[in-house]
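The values are calculated or read from the model by the stated rules, or taken from the named source; none is laboratory data. From a predicted model like this one, the values you see are computed outputs, not experimental measurements. Glycine also receives a Cβ, built like all others from the backbone with ideal geometry; neighbour counts cover every protein chain displayed. Surface accessibility is based on the protein's heavy atoms, side chains included, excluding ligands, DNA and RNA. Shrake-Rupley method; radii C 1.70, N 1.55, O 1.52, S 1.80 Å.
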Amino acid sequence: MARVLPRPRTPLAAVRRWYEEELGWPATGTEPVELLTGLRFDVLEMPAGAGSAVLRRLPHTGPAALLRAGCDGNHPGDRPKLLMLIAAGGAEELPGILEWLEWGALVPDLTARGTGDRMPAPSFPTGAAPSYGFGSREAARWVRPPRPGYEAENSLPTTGLGAGNGDDGDAPDLVRLVSAAATECHRARLMRAGNAQSDRAWGDQPLAFSNASRMSAGTRPRSLTL
C-alpha cells in the first residue's frame with residue numbers, strides 16, 4: 001500500500017501564519033492570502049505617485065504598501081496604488097473629513113477600505129521571516145513595513161483624543177494625513193490634465209498648479225492644506 005505523506009506547508013500558509021501570529025491581523029485562508037480590514041486597521045488608498053509624495057512629506061505615517069497595477073481588481077491599464085494603514089474606523093470618517101477640508105468629491109482617486117473589505121497580504125518585510133522563495137508573485141509589497149507589537153495597537157493615524165502625535169515622531173492624525181493625500185491626488189490630476197493639454201497642439205499653455213488654474217478646472221483653493 002502506498003504511503004501517504006503529509007502535505008508540506010505552502011508559502012502562502014506561512015504568510016497567513018506570520019500575519020496572524022506576529023501582528024495579530026486576521027487573514028483569509030484563500031490563495032492569495034488577504035488581510036481583513038475594519039478589524040485591526042482600515043486602509044487609505046490613492047495613486048502611487050500621490051502616495052509617494054505623501055510619504056516624502058510625512059515620514060511617520062505607519063505601514064504603507066504598494067499595490068501592483070492590474071492586481072486586486074485593478075485593470076491592467078490602471079496605475080499602481082499606495083495603501084496606507086490607518087486606525088480602524090477611519091474609512092467611515094474619510095467622506096466627512098474631505099467635506100470638512102472642502103475637498104468634497106474633487107479627489108475621486110482617494111478612497112478607503114474598511115469594514116467588510118480586504119487588502120492583498122504583501123510579502124514579508126525583509127528579514128522578518130523566511131521567504132520560502134515567495135515574494136515575486138504578490139499583488140502588493142511593503143514600502144513602510146509593519147513592526148510586530150506596535151502598529152497592531154493604537155498607533156495608526158486616527159482622529160479624536162490622542163491623535164496628532166506627528167511632532168513626537170509618531171503617526172500624524174488622520175485629518176492631517178487626508179489633507180496631504182487629497183492635495184497630492186489633486187496635484188497629480190492637474191499635472192496629468194496639463195500634460196494632455198500641452199500635447200494637443202503648439203501654443204497650448206500647460207495647466208499649472210495655481211489658484212487660477214484650479215478655478216478654471218472647476219475647483220477652488222483649499223482652506224486647509226499642509
Notebook entry, point to check: Restricting to the stretch 37-68, what's the tally of residues that are outside any helix (DSSP H, G or I) and either more than 11 Å from the chain's Cα centre (by Cα) or among the acidic types (Asp, Glu) (or both)?
Noted result: 11
Margin query: With part of a strand (DSSP E or B) and either of a type in the set (Gly, Ala, Ser) or modelled with pLDDT under 90 (or both) as the only criterion, which of Ala91, Ala129, Ala112 stands out?
Written below: Ala112
Next item on the list: Kindly indicate which of Ala121, Ala105 is at pLDDT below 95, open to solvent by 70 Å² or more (accessible area, probe 1.4 Å) and closer than 16 Å to Leu44 by Cα.
Entry: Ala105
Next item on the list: Give the residue that is modelled with the highest pLDDT, with candidates limited to residues of the stretch 11-36 that are within 13 Å of Ser123 (Cβ to Cβ) and part of a helix (DSSP H, G or I).
Entry: Tyr19
Next item on the list: Determine whether Asp78 is at pLDDT below 95, among the acidic types (Asp, Glu) and more than 27 Å from Pro148 (Cβ to Cβ).
Entry: yes
Notebook entry, point to check: List pairs: first in the stretch 26-40 and without any contact (Cβ under 8 Å) to a residue 40 or more places away in the chain, second open to solvent by less than 40 Å² (accessible area, probe 1.4 Å) and assigned to a strand (DSSP E or B), Cβ under 8 Å, 6+ apart or cross-chain?
Noted result: Pro26/Leu35
Notebook entry, point to check: Pairs, please: C-beta under 8 Å, at least 6 apart or cross-chain, first residue over 12 Å from Leu82 (Cβ atoms) and in the stretch 45-62, second of a type in the set (Ser, Thr, Tyr) and open to solvent by 20 Å² or more (accessible area, probe 1.4 Å)?
Noted result: Gly62/Ser155
